[in-house]
Amino acid sequence: MSFVTLVRHGQANSSARDEGSYDQLSSLGWQQAEWLGGYFRQAGERFARVYCGTLRRHVETAQAIAPDCDMETVQDARLNEMAYFDLATALETQHGLAMPQDREGFIAHLPVLLTHWKEDKIENPPERFSDFEARVGDAIAEIAAGEGRALVVTSGGLIGMAMRIVMRLDVPAMAHACLAIENSSLHRIQTLPTGLALTQFNALPHLDTPERQHARSHL
C-alpha cells in the first residue's frame, strides 16, 4: 500500500528567537532522529522515496534517520516551514502583540498569528498565507501521486497546513493541531478514491518506552 509518512524534525534550538538561530538540531534532536531511524529499521520499514525541506534542521534529521531507500533524499524548498519568527516580529511591530517567551505564551500566540496572517493583516510578510497553503498543497499532492511509500521530513507548521488541506480545517483548528505536534513525530497520509486521508497523527513509537519518556519535546 502506498502512503506518505510526514516526520517533524528533531528538537531544534528551542531558546532561539530568530529563524537562523533556531535552524539546527540540538543534541536531543539528533538522538530523537537516530532513534526513529532505528525504529524504522527494526520494523523493516523501507521507503521508495525520501524528501525533506532545504532547512538545516530538515537535512540533519533526514541524515540522522538514515532511512532504508535506494534513492537519494530529494530536498524540496516547498517543504520548508513558514517563517514563524519573522511573522511574529512583524506582528509585534505592527500590532503590539509581543512574541511569546515560553510554551504557554506560544499556545495563546499561534492562533492569533495565523489568523492575522491568513486575513492579510500582517504587512509585507515573508510569504503570504495563501502562497504557503498553495505550495504545501502542491508538494503533498505531487508526492502522494508518486509510486511507493514516501518519507517526508519537514516542520510542524507544514504538517499542520497539510492537515488543514486534507481535513478541511479552519485556522483555529489548524493552530490547535500544530500545538500538539511533537519533535520527530510521525503523521501518515494515504490516497483513497475519495482523495487524501489522514490515517496517523503524532505517533512516537521510537520514544514510547519508560526510559525514553524524557526525550519527548515540542519546541
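None of the figures in this text is laboratory data; all of them are computed from the coordinates on show. As the structure is a computational prediction, the values presented were derived from the model and not from experiment. Every residue, glycine as well, gets a Cβ built from its backbone with ideal geometry; the counts of neighbours run over all protein chains shown.
So who's got an amide H within less than 5 Å of the one on Asp68, skipping anything under 5 residues away but keeping other chains? H placed 1.01 Å off N, in plane.
Distant-sequence amide H within range of Asp68: Phe47.
Run the numbers for Ala77 and Ala180: contour at 0.36 nm per residue of separation, minus the present Cα-Cα distance, in nm.
Numbers: separation 103, 0.36 × 103 = 37.08 nm, distance 2.40 nm.
Roughly 34.7 nm would be gained on extension.
State the extension gain, in nm to one decimal, for the chain segment bounded by Gln24 and Lys121, taking 0.36 nm per residue of separation less the distance between their alpha-carbons.
Values: separation 97, 0.36 × 97 = 34.92 nm, distance 3.01 nm.
That pair, Gln24 and Lys121, stretches by 31.9 nm at full extension.
State the dimensionless ratio Rg/Rh of segment 18-87 (Rg: radius of gyration of Cα atoms; Rh: Kirkwood radius).
On the way: Rg = 13.2 Å, Rh = 13.0 Å.
Looking at segment 18-87, the ratio lands at 1.01.
Which value, in nm² and rounded to one decimal, describes the direction-averaged projected area of the C-alpha convex hull of the chain? Don't jump to the answer; show the numbers that get you there.
Values: hull surface 46.1 nm².
For the chain, the mean projected area of the Cα convex hull comes to 11.5 nm².
Please give the calculated 222 nm ellipticity per residue for the chain, where each DSSP H segment of at least 4 residues contributes -39500 (n - 2.57) and the sum is spread over every residue; nearest 500 deg cm²/dmol?
On the way: 8 runs with 96 residues, N = 219.
That calculation yields -13500 deg cm²/dmol at 222 nm.
Relative contact order (percent) for segment 107-219, with alpha-carbon contacts under 8 angstrom and 6 or more residues of separation? List each step's numbers first, then the result.
Working: 98 pairs, mean separation 23.6, N = 113.
About 21 percent, as a whole number.
Could you give the C-alpha radius of gyration of segment 1-40 expressed as a fraction of 2.2 N^0.38 Å, taking N as the number of residues it contains?
Numbers: Rg = 12.7 Å, N = 40, 2.2 N^0.38 = 8.9 Å.
Compared with the compact-globule rule of thumb, segment 1-40 sits at 1.43.
Please work out the C-alpha center-to-center distance from segment 38-71 to segment 176-219 and express it in whole Å.
15
How much length, in nm to one decimal, is gained on full extension between Asp208 and Asp86, taken as 0.36 nm per residue of separation minus their Cα-Cα distance?
Values: separation 122, 0.36 × 122 = 43.92 nm, distance 3.42 nm.
The Asp208-Asp86 span can extend by a further 40.5 nm.
For Cα pairs less than 8 Å apart in space and 6+ apart in sequence, what is the mean separation divided by the residue count of segment 3-206, i.e. the relative contact order in percent? Don't jump to the answer; show the numbers that get you there.
On the way: 361 pairs, mean separation 62.7, N = 204.
It comes to 31 percent, rounded to a whole number.
Quick check: net charge around Ile143, other residues with Cβ under 9 Å of its Cβ, Lys/Arg +1 and Asp/Glu -1? If you can, show how the numbers build up before the last one.
Values: positive: Arg49; negative: Asp76, Glu142.
With Lys, Arg at +1 and Asp, Glu at -1, the net is -1.
So, R0 is 30 Å and r is the distance between the beta-carbons of Ile107 and Ser2; what FRET efficiency does that work out to, to 0.05? Present the calculation step by step, with values, prior to reporting the outcome.
Values: r = 35 Å, r/R0 = 1.18.
E(calc), rounded to 0.05, equals 0.25.
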